[in-house]
1. If I stretch the segment between Lys109 and Arg132 completely, what's the gain in nm (0.36 nm per residue apart, minus their alpha carbon distance), one decimal?
2. Can you sort Ile173, Ile69, Ile189, Ile107 so the residue with the fewest Cβ neighbours within 10 Å comes first?
3. Fewest Cβ neighbours within 10 Å first, please rank Phe54, Phe156 accordingly.
4. If you take the beta carbon distance between Glu119 and Ile15 as r and set R0 to 45 Å, what does 1/(1 + (r/R0)^6) give as a FRET efficiency, to the nearest 0.05?
5. Take the Cβ-Cβ distance between His170 and Lys63 as r, set R0 to 51 Å, and report the resulting FRET efficiency rounded to the nearest 0.05.
6. Stretch Leu33-Glu186 to full length: gain in nm at 0.36 nm per residue minus the Cα-Cα span?
7. Using 26 Å as the Cα-Cα cut-off, could you pick out the over-long pairs in Lys139/Lys233; Lys63/Lys131; Lys155/Lys218; Lys74/Lys100?
8. Over every pair of different alpha-carbon atoms in segment 90-177, take the mean of 1/r and invert it; report that Kirkwood radius in Å.
Amino acid sequence: MEVDFSEIKKLEDKIKKLQDLNEMWGRVFSLALHDIRSPLNGVLGFSDMLSSEFDSFSDEEKKEFLSKISLSAKRIVETMDQFTDLGEQLSLGRALKKEKLNLKDAINKVVDSLSFEAETKKISLSVSVDKRVFLSVDKLMFFGIIRNLLANAIKFQAGGMVKIAVEQSHGLIYIHIMNSGTFIPEENIKRLFLRFDGKSTPDTDGKTSTGLGLMLVKEFVELNGGGISVMSKPEVGTTFTVMFPVP
């Protein structure tokens, strides 16, 4: 009986693609939970303040809290919709859905979604982006990239300022996300984006994470034709830089 090795190879390739897809799904799910946590904390935080100190707030303050609760709830729904769309895109093996984004608007949207987290830790968020800068990327992936990096910058800093700055040079757009928090040693930087490393640096509250988000960030950046780098100095802080070609 003659064995058709070409068919065996095709079957092996299909199995490998399914394994990769299953692994990617797990990381997408992990990042989705990460992104939902921030606005959910906003809902819980403001509602707790209202329920425990309702009579001490003015009517104007109550309206402001309710407005923030409503905005956070809408962001939860929006985030769920975005990751549902992204999950379908991955499952169906669709090509990237690149579109032209105004970088200032896109980054400010992410900053707004994490404002409660920053306020809770007494962190100011500074954004320096020219409103004339545009980027051609998959929108869902881009929001996932910036949200994850900014959330990490906030998580590993107590007080002070987290900065986002954008510059354009030699045909590339550089997005820098800088904090003055935890120093990352060189040996740790080398394994930041490794799959299933199993090691994690505690944040300012002593909590650790799986690091799945950074792995997915790197994949999303590279799928959009970009690159990512990290620079960290003691007593200075850490800067994550994402770079994409000028459209």
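1. Working: separation 23, 0.36 × 23 = 8.28 nm, distance 1.63 nm.
Gain on extension, Lys109 to Arg132, equals 6.7 nm.
2. Values: Ile173 21, Ile69 18, Ile189 14, Ile107 24.
Exposure proxy ranking, most exposed first: Ile189, Ile69, Ile173, Ile107.
3. On the way: Phe54 10, Phe156 21.
Lowest count first: Phe54, Phe156.
4. On the way: r = 48 Å, r/R0 = 1.06.
Step by step, r from the Cβ atoms, then E = 0.40.
5. On the way: r = 49 Å, r/R0 = 0.96.
Here the calculated transfer efficiency is 0.55.
6. Values: separation 153, 0.36 × 153 = 55.08 nm, distance 2.89 nm.
Value of the extension gain: 52.2 nm.
7. Working: Lys139/Lys233 32 Å; Lys63/Lys131 31 Å; Lys155/Lys218 19 Å; Lys74/Lys100 24 Å.
Exceeds cut-off: Lys139/Lys233; Lys63/Lys131.
8. Numbers: mean 1/r = 0.0717 Å⁻¹.
Taking every pair of different Cα atoms in segment 90-177, averaging 1/r and inverting gives 14.0 Å.
Read-outs: derived from the displayed coordinates by stated rules, not from any lab. Remember, predicted model here, so these are calculated numbers, not experimental data. Cβ coordinates were reconstructed from backbone atoms using ideal geometry, including for glycine residues, and neighbour counts include every protein chain displayed.
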